[in-house]
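What follows is a set of notes on a single structure, which appears directly below.
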Amino acid sequence: MGDIRPEDLEKQRDGRNIDTRLGTLSGEGAQQRVKALEEAHPSREPLRTRPSDSGVSAESPSYYGQPVLKEPVWIWSIPLYFYVGGVAGAASVLGAAADAVGGKRLEGLGRRCRWVGTVGDVVSSGLLIYDLGRPERFLNMLRVFRPTSPMSVGSWVLVGSGAMNTASLLFAGRRGWLGRAGEGAAIGAGLLGLPLAGYTAVLLANTAVPLWQATRKSLPLLFMSSAVAGAGSLMELLPHFRRDEKVLHLFSSVGKVGELMAGVAVQHDASRLEVLERPLKQGPSGTLWKAAKVCTAASLVLGLWPGRTRWMKVAGALLSTAGALATRFAVFRAGKVSAGDPQATFQPQREGMGAAEVTGHTHASDGKPLKFPLPVLREEPRAPQTASPLAPRDEAEQASTVAPPLL
């Protein structure tokens, strides 16, 4: 077969060039359409120098300065889903608590919370489908239920929460068994709202991204408290009765305090190594992280200000919403930066963090205990060898004297 000319290739709209003489597009994967590949996974600049000269220091050698991990290919819809799903889960929890504690007095608040939860569940599903590319892929995630997979559990929690919130809106308040079923669905939505508000942080921590893995203990607390603050602030922007204002104000204030404290815990977990904390201090992700803390703190101050007016309430709710959104995008962007930094992968492993810390792996394969930080193995420089014209003859004579006779 001769050379393949570019004009002989089959041109596809999504950028794939397939020679029909060598292969065909068939199967489920062939139906994928790449709209904006650069948005999800931007290409890297090619090396202009030798790998050994590409920013590798003698003290911290790495894989030629190249990333070990691939950056997550998620697009902007995923961190937005983190926010919307968290708000929906926290609103469902608040609605169930209002029905259980407040009774008829907070019946209106509970119904509005279920509306927010239902709309949030629907929008969350749409954001996931947009990232996946096709609706049937979301349905394929529901073919099995795997308790060890945060993604599988989260998919079922999202579907169950949406079903429970919808059933509670349709049947709660009616007479007979339909009304009791609606009340039970409201309680079920509140129970499912707890994992919905924070399972996305568990999903991030279950990856190999260094920053997300290092903050696996505090990141779920940050997402759940931020979801509480975001849900309470969003409810404050909606029309409500005066008797509901104290409940919403207390709910959102507790969430803001928890968000600030959890943010400090996340920063502390990441500060064990400077290379892990760097994305939270520098670049766009660091700016978003600082802006999130400033917005949340300012919202808390406005919420606790004595004699606050209407504009202060609205400004505080908007600042809290902006802080919750910025928190998700900051963690998302910082994780992508951490995955692209090879030192963020190698240094925690040498210090005994990562898998060694999670699994308690303290002994090597030969049974000897591991000592952290692990030493860096370096190749000893070899002495230059000079070629001798007599070397081939000497080697041939040595081989003839050592080799056994052929039978």
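The values are calculated or read from the model by the stated rules, or taken from the named source; none is laboratory data. It should be emphasised that the depicted structure is a prediction, and the values quoted were computed from it without experimental measurement. So basically every Cβ, Gly included, is an ideal-geometry build from the backbone, and we count neighbours across all protein chains shown. When the accessible area is computed, the model is the full protein with side chains, heavy atoms only, and any ligands, DNA or RNA have been set aside. Shrake-Rupley method; radii C 1.70, N 1.55, O 1.52, S 1.80 Å.
Things worth noting here:
- In segment 147-199, residue least open to solvent (accessible area, probe 1.4 Å) [restricted to those that are closer than 24 Å to PHE223 by Cβ and not in a helix (DSSP H, G or I)]: SER149
- Residue match in segment 269-287 (condition: without any contact (Cβ under 8 Å) to a residue 24 or more places away in the chain, within 19 Å of LEU221 (Cβ to Cβ), of a type outside the set (Ser, Thr, Tyr) and open to solvent by 10 Å² or more (accessible area, probe 1.4 Å)): yes
- Selection from segment 123-158 of residues that are of a type in the set (Val, Ile, Thr) and over 18 Å from the mean Cα position of the chain (by Cα): VAL123, VAL144
- Number of residues in segment 208-244 that are assigned to a helix (DSSP H, G or I), open to solvent by 40 Å² or more (accessible area, probe 1.4 Å) and within 22 Å of ALA96 (Cβ to Cβ): the value is 5.
- Residue that is surrounded by the most Cβ atoms within 10 Å (Cβ to Cβ), among those in segment 347-383 that are within 20 Å of LEU69 (Cβ to Cβ), of a type outside the set (S, T, N, Q) and at pLDDT 75 or above: PRO348
- Flag for ALA344 being at pLDDT 70 or above and open to solvent by less than 70 Å² (accessible area, probe 1.4 Å): yes
- Pairing residues of segment 205-228 that are charged (D, E, K, R) with residues that are open to solvent by 10 Å² or more (accessible area, probe 1.4 Å) and in a helix (DSSP H, G or I), at Cβ distances under 6 Å and at least 6 apart in sequence or on separate chains, gives ARG216/ALA205.
- Residues satisfying the stated conditions in segment 93-133, i.e. free of Cβ contacts under 8 Å to residues at least 60 places away in the same chain, open to solvent by 20 Å² or more (accessible area, probe 1.4 Å) and among the small types (Gly, Ala, Ser): GLY103, SER125, GLY126
- Residue in segment 310-319 that is under 25 Å from the mean Cα position of the chain (by Cα) and modelled with pLDDT of 90 or more present: yes
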